[in-house]
């Protein structure tokens, strides 16, 4: 029969191996995530520069001509060109609207009578109704 000390040693060994693998996985994920973030930032900068160059050259070469000359799809060139342009604002900026005045200042809300309150759904139906499914 195996001793308690041997059992403890085996568990510790298995935990150490698992811990080492977990640490290695976490390190690699962290490194790759940092690398991805740096590359994404670099791509944003390249896209911005492409848009700037395309806009500056618009008076001498069209997007269609550039697509023909460079074999870069017109859709990509157009995306880069329009990405740098500011979008037209619609409506008022958030927070600029004045709140509606309270029609009954100082009044306390009165709860609806029991007959007008929604009835609770049967167990099991609540999720199905919320998700648009039928039981």
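What to note about this one:
- Nitroxide proxy distance, nm - points 7 Å out along Cα→Cβ at residue 37 and residue 17: 3.4
- Theoretical gain in end-to-end length, residue 74 to residue 24 [0.36 nm per residue, Cα-Cα removed]: 13.6 nm
- Expressed as a fraction of 2.2 N^0.38 Å, the C-alpha radius of gyration for region 1-86 is 2.26.
Just so you know, all these numbers are worked out from the coordinates, no wet-lab data involved. All of these numbers come straight from a predicted model, not from anything done at the bench. Heads up, the Cβs are rebuilt from the backbone with ideal geometry, glycines too, and the neighbour counts pull from every protein chain shown.
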